[in-house]
Amino acid sequence: MAKVIIYPTNSLILSDMVERFGHEPLAMMEKIKEIINTVGVDSPPLNITPEGPKHGLKYAAVEVPAGVRGRMSLIGPMIDLAEAGIIVGDSSFSFGCMGCARTNELTKFLIREKDIPLLEIQYPHTEEEGQDFVYKIAEFLKSLPSGSDEK
Amino acid sequence: MAEETEDNITKIVVISSDSILPTDAAMKVYESEDSITIKETCFGTMVNGPREAVLKVVETLRSMDRNHIFVKERGFKPGAEVRCRAGRGGGPRPGFHFLREEVNMLPMIGRALDKYEAGEPFEEHEAPKKLDISKLKKIIDSEL
C-alpha cells in the first residue's frame with residue numbers, strides 16, 4: 001500500500017479512488033482530525049492555531065504570509081510522507097483549505113520537486129474526459145508498488 | 001468524554017446512484033449492530049464511530065452500488081460546533097461548496113468506473129484546444 005498525496009488535498013473523488021485501488025490517500029481531512037482531537041486549551045478545538053505558521057517555516061520563508069505558512073504546516077508533513085502523487089488541475093473551485101492560490105502553487109511545486117511517481121491531469125468536463133480521467137488514475141494507481149510500507 | 005480517547009473516525013458517504021437512495025443507505029446503517037452514529041444529509045450520510053466499525057459499515061454501503069457510492073474521511077464529527085450550521089447561524093458549512101462541485105461530477109465518474117470494470121478498451125480522446133486569439137478576432141470582426 002503506497003501513500004499517495006492528492007491535490008486538491010480535500011478531494012472526494014481522488015480520496016475515494018486512491019482507497020478504491022488499494023492505497024492510502026494522504027488528505028487534508030485526516031490532518032484536521034488529528035489536530036482537533038489533540039487535547040488543548042481551545043474550546044471548541046481549532047483547526048488552525050498560532051502554532052501553525054511557526055511549523056510552516058520549514059516549508060516557506062518568514063516573509064511569506066501567515067496564511068500560507070499555516071496551511072503548509074498541514075500540507076508539508078503530508079508531502080514529506082508521500083510515496084506517490086496525483087495532481088489534478090483546472091478546477092473551477094477552490095475554497096477553504098484550498099482557497100489560497102500561493103499555497104496551491106507551493107504545494108504543487110513541492111510535490112513535483114519530490115522524486116516520486118506523479119500523475120498530472122485535468123478535471124473532466126465531458127463524458128470522454130471523464131473516461132480518460134478515471135482510466136489514467138486507475139492505471140497509475142495499479143502501477144504503484146503495493147508493499148511499499150514495508151520499507 | 002470517554003469516546004474521545006478512542007480511535008473514532010467520521011466518513012462521508014456520497015450516493016450518486018440511480019438505484020440506491022440516501023435513505024436506503026441510512027436504513028442499511030441502522031441495521032448494523034455496531035456502536036456508530038449516523039447523520040443523513042442531502043448527498044448521503046455521515047458515519048461516525050470506532051474505526052473498525054465505521055470501515056465495516058462503509059464497506060457494506062459501498063457494496064450496495066460499488067461504482068456509484070463514494071467515500072471520504074471527514075475531520076470534524078457530525079454536528080461539531082465549529083462546522084455545524086446550527087451553531088453558525090445558517091449558510092453552507094465550510095467545505096460544502098467543494099463537495100457540491102465534485103458531487104456534480106460523480107455520475108460521469110461512476111459511468112467511467114463501470115466501463116473500466118467491464119474492461120472496455122481505453123480510447124485516447126483529444127482534449128478540445130483553447131480558441132486561438134486570431135480566430136476569436138476574426139469571429140468578432142465577422143459579426144460586425
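The values are calculated or read from the model by the stated rules, or taken from the named source; none is laboratory data. Remember, it's a predicted structure, so these values are computed and weren't measured experimentally. Using ideal geometry, Cβ is built from the backbone for each residue, glycine included, and neighbour counts are taken over all protein chains shown.
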A careful count of residues in segment A:105-128 that are free of Cβ contacts under 8 Å to residues at least 40 places away in the same chain, more than 7 Å from chain B (Cβ to nearest Cβ) and not hydrophobic (A, V, I, L, M, F, W, C) gives 11
Of the candidates A:LYS31, A:LYS54, the one satisfying the condition of being basic (Lys, Arg) and touching a residue at least 40 places away in the same chain (Cβ under 8 Å) is A:LYS31
By residue number, the members of segment B:69-100 that are farther than 17 Å from B:GLU40 by Cα and surrounded by fewer than 17 Cβ atoms within 10 Å (Cβ to Cβ) are B:GLU81, B:VAL82, B:GLY87, B:ARG88, B:GLY89, B:GLY90, B:GLY91, B:PRO94, B:HIS97
Of the residues in segment A:75-102, those that are of a type in the set (A, V, I, L, M, F, W, C), at pLDDT 90 or above and in a helix (DSSP H, G or I) come to A:ILE75, A:MET78, A:ILE79, A:LEU81
Those residues of segment B:16-34 which are at pLDDT 85 or above and outside any helix (DSSP H, G or I) amount to B:SER16, B:SER17, B:ASP18, B:SER19, B:ILE20, B:LEU21
Checked pairs for segment A:132-147, first within 16 Å of A:ILE116 (Cβ to Cβ), second part of a helix (DSSP H, G or I), C-beta under 6 Å and 6 or more apart or across chains, list as A:ILE137/A:MET17
If we keep only residues of segment A:21-65 that are closer than 19 Å to A:CYS100 by Cα and among the hydroxyl-bearing types (Ser, Thr, Tyr), then the residue surrounded by the most Cβ atoms within 10 Å (Cβ to Cβ) is A:TYR59
Scanning segment A:8-57 residue by residue, those in a loop (DSSP other than H, G, I, E, B) and at the interface with chain B (Cβ under 8 Å from one of its Cβ atoms) turn out to be A:PRO8, A:ASN10, A:SER11, A:ALA27, A:PRO44, A:PRO45, A:LEU46, A:ASN47
Taking segment A:101-150 and keeping only residues that are surrounded by fewer than 17 Cβ atoms within 10 Å (Cβ to Cβ) and in contact with an Asp or Glu (Cβ under 7 Å, 6 or more places away or on another chain), one is left with A:GLN122, A:SER148
